[in-house]
1. Taking the condition of being outside any helix (DSSP H, G or I) and at negative phi, how many residues in the range 138-176 meet it?
2. Could you go through the range 84-103 and let me know if any residue there is loosely packed, with under 14 Cβ neighbours inside 10 Å and under 39 Å from the mean Cα position of the chain (by Cα).
3. Considering E298, E337, which residue is part of a strand (DSSP E or B) and either at pLDDT below 85 or surrounded by fewer than 22 Cβ atoms within 10 Å (Cβ to Cβ) (or both)?
4. Here is a list: A334, A297, A328. Which entry is in contact with a Gly (Cβ under 6 Å, 6 or more places away or on another chain) and within 15 Å of P389 (Cα to Cα)?
5. Going through A44, A6 one at a time, which residue ends up being among the hydrophobic types (A, V, I, L, M, F, W, C), modelled with pLDDT under 85 and touching a helix residue (DSSP H, G or I) at 6+ places or on another chain (Cβ under 8 Å)?
Amino acid sequence: MPVVAATTSPPGPLDRPAGGAFTLIFTTLPALLRLTCGLVGAVAALAVRGGQVRVGLLVPAVAALTAWSVWYAIRALRHGIGPALVAGDVTLTTVAAAAIPWLVAPEVLPGEGSWIAVLASTTVINAQATAPARWSVPAGLLVTAGYVGGAAAAGNPVEARAHAATLLVQAGCTAMMTAVMRRRIGRADAVFADYQRLTRAALVARAAREAERRQNRELHDTVLATLTMVGLGAVPGPSAALRARCATDLRTLAELADARSTPTTGAAALDDRLRAVLARTPELTVTAALEPCAVPAEVAGALAAGVAAALANVARHAPGASVTLRLARVADTAVVEVADDGPGFDPATVPAHRYGLRESIHGRMSTVGGRAEVTSAPGAGTRVRLEWPGVD
């Protein structure tokens, strides 16, 4: 029985869809938040330059922070948010917060509404959403410390305490929310991975069963069919016909072994395949009418094997019957019919364990998306009709 080999590769977004969606969301949102707050903050910073604000320091600082916000967004959207990006954001924000006395006018500092306050909140939230808690929490504390120091140095300890509390709440809430989401998402991806493993195992098992069914079909239609015919006296032996049939069976089995290691692709001439089947059944006299018809190689193999099984049944059960084989195209459907005027039988009385009709004919056609119809009655002959839709 052929062995199905499985290849392994690193998990991708399709292997962990929940984690992939989390990463996408918590990369896009921080990037847009940093970009928006950076641009709006730059406008707000330059709009209020009174009091002790040092314009010579403010303008370069705003230009640097704006350029950083743009680069942060581009880098995040293209390559994701890594430790270096988080560290750079925290460092620049902490330095800017410590420089509040020279970058923020005293009259806009209270109320946690200055552009530095917005910058600090954005950095704290982004850090918690994009970095592990062991790094993001200390980063949030560092930004908070920088803001407290800067606001206190600017002579507003009330603002320092108020926004420090806000920053700590923002850091804590975002860190907890992110941790819970990561845990839940990890569980969802684990369940999905289990489902994928079970699906792969089911596919491998189904492929193994199908390979076994194919093997049983071929044995039934070759060696077992010949032995049965000999036992029933349908093929005289020893004789040239018997030797030829045995040689044909051996060739068929060898071809099957080669076919299992070589995939069948492309189109094949079904009429040529059927002529080859007729050449392998010299004990029957068959009247054939075969229209040219091209189908996929796998389909041609299934149809030809189904016809071979039908002819083997005729040779086994009605060796003196007249047989006709017809191949035609009806619209986009390939239709193959094998008819004989033998004694016939009642299909309803065929035992379920018998392989001939169930697997060699019906099973083969269902494997390639076709259908088979067997019509027979005692004293009325037998007609086997095989159909495959999809002919170009």
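The values are calculated or read from the model by the stated rules, or taken from the named source; none is laboratory data. Small disclaimer: the values here were computed from a predicted structure and weren't measured. Cβ: placed from backbone, ideal geometry, glycine included. Neighbour counts: every protein chain shown.
1. Residues in the range 138-176 being outside any helix (DSSP H, G or I) and at negative phi: 2 in total.
2. Yes; the residues of the range 84-103 include at least one that is loosely packed, with under 14 Cβ neighbours inside 10 Å and under 39 Å from the mean Cα position of the chain (by Cα).
3. E337
4. Testing whether each residue is in contact with a Gly (Cβ under 6 Å, 6 or more places away or on another chain) and within 15 Å of P389 (Cα to Cα) leaves just A297.
5. Working: A44 fails: modelled with pLDDT under 85.
Just a single option satisfies the conditions, and that option is A6.
Every residue, every condition in (1) crowded, with 24+ Cβ neighbours inside 10 Å; (2) over 43 Å from the mean Cα position of the chain (by Cα); (3) closer than 27 Å to L46 by Cα; (4) not β-branched (V, I, T), yes or no:
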residue	(1), (2), (3), (4)
T123	yes, no, yes, no
V158	no, yes, yes, no
H163	yes, yes, yes, yes
T166	no, yes, yes, no
